[in-house]
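The values are calculated or read from the model by the stated rules, or taken from the named source; none is laboratory data. Note that the coordinates shown come from a computational prediction; the quantities given were computed from them, not determined experimentally. So basically every Cβ, Gly included, is an ideal-geometry build from the backbone, and we count neighbours across all protein chains shown.
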Amino acid sequence: MTKYLNKSFAVPYGSAAYRDNWGENKMGMYDSVNFSCPHCGGNIEVQSKAGDCFLASYSPNKIPWDIAQDIEAEECRCSQCSMPWVVETRWTPPETTQCRLVKEW
């Protein structure tokens, strides 16, 4: 018997029903890395669609490798002081990686 998705059917996050034909995550799901602005201490959130996309939040000191690869060289701005920054990655594959913000020139 085939089950069809409808509004009353709950689909688990990360399941095949959340992904399209190319394996890309659907339905607005992402993971994020939260940095502290080196200039003013404000919060900077960088989003990634890599990995399972469970709306997880990571610290810059311990990021899954696929997410770190996705946000490498990502340009971002602090929401408080508007300073521009770029994500720089320190590669330590295969499990976790560290990232930091460097000033955009």
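Brief remarks follow.
- Hey, THR97 hydroxyl-bearing (Ser, Thr, Tyr), modelled with pLDDT under 90 and assigned to a strand (DSSP E or B) or not: yes
- Residue within segment 73-88 that is under 18 Å from PRO38 (Cβ atoms), at pLDDT 85 or above, part of a loop (DSSP other than H, G, I, E, B) and among the acidic types (Asp, Glu) present: yes
- Subset of segment 39-62 (residues that are touching a Cys at 6+ places or on another chain (Cβ under 6 Å) and part of a strand (DSSP E or B)): ILE44, VAL46
Listed here are the residues, each with its yes/no results for (1) at pLDDT 95 or above; (2) hydrophobic (A, V, I, L, M, F, W, C); (3) within 17 Å of PRO64 (Cβ to Cβ); (4) touching a Ser or Thr at 6+ places or on another chain (Cβ under 6 Å).
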| position | (1), (2), (3), (4) |
| --- | --- |
| TYR13 | no, no, yes, no |
| ALA16 | no, yes, no, no |
| MET27 | no, yes, no, no |
| HIS39 | no, no, no, no |
| GLU45 | yes, no, yes, yes |
| ALA50 | no, yes, yes, no |
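- Count of segment 47-85 residues, restricted to those that are of a type in the set (Ser, Thr, Tyr) and touching a helix residue (DSSP H, G or I) at 6+ places or on another chain (Cβ under 8 Å), is 2.
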